[in-house]
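Asks: Sharing a structure with you now.
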Amino acid sequence: MSTMRLTLKVWRQASPEAKGEFRTYPVEADEHMSFLEMLDVVNEGLIAAGEEPIAFDHDCREGICGSCGMMINGKAHGPRAATTACQLHMRSFKDGDHILIEPFRASAFPVIRDLVVDRSSFDRIIQAGGYVSVGTGAAPDGNAILVPKEMAERAMDAAQCIGCGACVAACPNASAMLFTAAKVSHLAMLPQGQPERHRRVLGMVEQMDSEGFGGCTNFAECEAACPKQISIENIARMNRDFLKASLREREETGAGAVSN
Amino acid sequence: MNAIIGLWRSTIGKKIAMSLTGLLLVGFLISHMISNVLVFVDGASLDLYGAWLRGFGPLLWIPRLILLGAVVIHIAAAYQLSALARAGRGGSYRDHDRPASTYASRTMRWGGVLILVFIIFHILHYTVGIIHPDFRVGEVGRNLVRGMESKPVALFYLVSMIALGAHFLHGIWSVFQTLGINHPTWNRWRRGIAIGLTVLVAGGFASIPAAALLGWLR
Ligand code: HEM
Ligand code: FES
């Protein structure tokens, strides 16, 4: 077991309207701690000293819920590729390091407090089409709908997205294209997603734009930052589907007609 | 028509407009570059090419207006997307690492502005002739060589062509993504195509001011 002395510079902001500033905290951490456990140690010290602990979002701490995003030394989720902040361990740092911690920044992700941002814009994108409609009633026969293995795997690759927002945080344009494309692609590659395929991509892209995310400039920073390694191939697929849907959708379908 | 308006209203649609107008301009620049390097054969062959073009008379305005329209659409989309991106980012980071983006991709906006300034200068220089030391209608080859005699002008041409090359490099790769041309079997060709076209077009153009600066153009 080896301990390390670190200096943290953390963004503190008391409320959405407050101005916010960086504050410096020394911390002694163990190399086997996760990054969030290290922050827990800082917070215990702050609480003992009667100060406000650093607010940060977390839930599963096992890399699947997507809530723990923050910028660590300029990188969404920190220095390790394909790793969420909660799965990052202090052995990725060394004794004496200075660590800069900032919230994800995007107009569509307003800061609630310190490192916690409001990502409900992602929820609204999902509500705009990230689902399939199924008939209620008796359960369908297993394997009644055949899905080729290779397609299932590609759909699963897209479905890996945990909606953490690292793509938006890393993108110089604060674009949500990788997130939206992962959700669009995941369903577009499965037979169950076909009936609503066109309406889905039109609705989700419209919502994405109206939330105030920037457009895609193909920097590919999102792919590099994604803890689930979602490929920008999904963005190309969404662009293709969006173009097709825009040209083929009959106008004012409103009530959910699907054109072919 | 509704579909076109709907597309333009979206960020993806604006990018599609940029990619299609960009491709049109790439096509024009390939043919323009090939005709320009005729100057290395001799001035007379450029004059012949110029005479052939002018032979179309007023019809020449059709491609001109199409190109102008493409430039206007391309810039309008670039301007709107840049504004949306700036608004989308909101505050800036104290530290923001950008390991994946390239120099070319990060200079698309200001590089594009430089290209626009270049296009205006270039038209006044060699088409209209009002910022040319000794412009003579129809003597294309001679005008080209005389116009490059000024070192600052040749240098400006050279720098602009480097900016054009950077814009090409990211732009052509970007077109594949924007138009949804992405397949694991073919993806390794995308960079190669972008590099090849960049070297061909920007290199072909740049060879002329470079030759002028070295005193090889006459
Ligand atoms: C005249 C001033 C110009 C400006 C201000 C400008 C600006 C831009 C900007 C901001 C982008 C977006 C970069 C991105 O999102 O990836 C872009 C893309 C592009 N530009 Fe230009 N540009 C100009 C001229 C040209 C010219 C002359 C050409 C032709 C060679 C051209 C070809 C392209 C192409 C092919 C793209 C890629 C579109 C895509 O992403 O699919 N541009 N330009
Ligand atoms: S806390 Fe759930 S992904 Fe990190």
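Asks: Distances over 19 Å make up what percent of all Cα-Cα pairs in the stretch A:88-146?
Replies: The proportion of pairs with Cα distances above 19 Å equals 64 percent.
Asks: Give the lysines reachable from B:LYS151 as a straight Cα distance under 24 Å; neighbours fewer than 8 places away on the same chain don't count.
Replies: Counting by Cα, and skipping residues close in sequence, B:LYS151 has no lysines nearby.
Asks: Hey, what did chain B get for relative contact order, percent, Cα under 8 Å, at least 6 apart?
Replies: 27 percent
Asks: So, one more: With the radius of gyration and the Kirkwood radius both derived from the Cα set of chain B, what is their ratio Rg to Rh?
Replies: For chain B, the value is 1.00.
Asks: Running a GNM on chain A with Cα contacts under 10 Å, which residue among A:GLU28, A:GLU249, A:GLU51 ends up with the highest mean-square fluctuation?
Replies: Greatest mean-square fluctuation among the candidates belongs to A:GLU51.
Asks: Please build a GNM for chain B, connecting alpha carbons under 10 Å apart, and tell me which residue among B:ILE16, B:ILE66, B:ILE115 fluctuates the most.
Replies: B:ILE66
Asks: In addition: Identify which of A:CYS226, A:CYS164, A:CYS65 has the largest mean-square fluctuation in a Gaussian network model of chain A, with springs joining Cα atoms closer than 10 Å.
Replies: Of the options given, A:CYS65 has the highest mean-square fluctuation.
Asks: Right, something else. Pairwise over distinct Cα atoms, reciprocal of the mean inverse distance: report the Kirkwood radius of the stretch A:3-113 in Å, one decimal place.
Replies: 14.3 Å
Asks: When the convex hull of the C-alpha atoms of the stretch B:8-65 is computed, what volume per residue in Å³ does it have?
Replies: 71 Å³
Asks: Still on this model: At most 14 other C-beta atoms within 10 Å and a DSSP loop state: those are the exposed trypsin sites (Lys or Arg not before Pro) I care about. Give me the longest piece of chain A that has none.
Replies: Formally, the longest exposed-site-free interval is A:95-249.
Asks: Buried accessible area between B and A (1.4 Å probe, both chains summed, ligands and nucleic acids excluded), in Å² to the nearest 100?
Replies: That pair of chains buries around 3400 Å² in total.
Asks: Roughly to the nearest percent, how much of the accessible area of the stretch A:104-177 is carbon and sulfur, given a 1.4 Å probe?
Replies: Accessible surface attributable to carbon and sulfur in the stretch A:104-177 totals 55 percent.
Asks: Could you run the Karplus curve 6.51 cos²θ - 1.76 cosθ + 1.60 with θ = phi - 60° over the stretch A:109-114 and give me ³J(HN,Hα) per residue in whole Hz, x for Gly and Pro?
Replies: Residue by residue, the stretch A:109-114 yields 10, x, 6, 8, 6, 6 Hz.
Asks: Here is a follow-up. Please list, ordered by chain and number, the residues whose modelled amide H lies under 5 Å from the amide H of A:VAL117; skip anything fewer than 5 residues away on the same chain.
Replies: A:ILE112
Asks: Would you mind getting the accessible area per residue of the protein assembly as shown, heavy atoms of the protein chains only, 1.4 Å probe, in Å²?
Replies: Accessible surface, normalised per residue, equals 50 Å².
Asks: Here is a follow-up. Which pairs, out of A:LYS228/B:LYS14; A:LYS19/A:LYS183; A:LYS9/B:LYS14, put more than 31 Å between their alpha-carbon atoms?
Replies: Violating the 31 Å limit, Cα to Cα: A:LYS19/A:LYS183; A:LYS9/B:LYS14.
Asks: Next question, about the same structure. At a Cα cut-off below 13 Å, give the aspartates and glutamates reachable from A:LYS149, other chains included and same-chain residues fewer than 8 away excluded.
Replies: Hits, sequence-local ones excluded: A:ASP157.
The values are calculated or read from the model by the stated rules, or taken from the named source; none is laboratory data. Keep in mind that this is a model prediction, so the values were computed, not measured. Cβ: placed from backbone, ideal geometry, glycine included. Neighbour counts: every protein chain shown. These area figures cover heavy atoms from the full protein model, side chains too; ligands, DNA and RNA do not enter into them. Shrake-Rupley method; radii C 1.70, N 1.55, O 1.52, S 1.80 Å.
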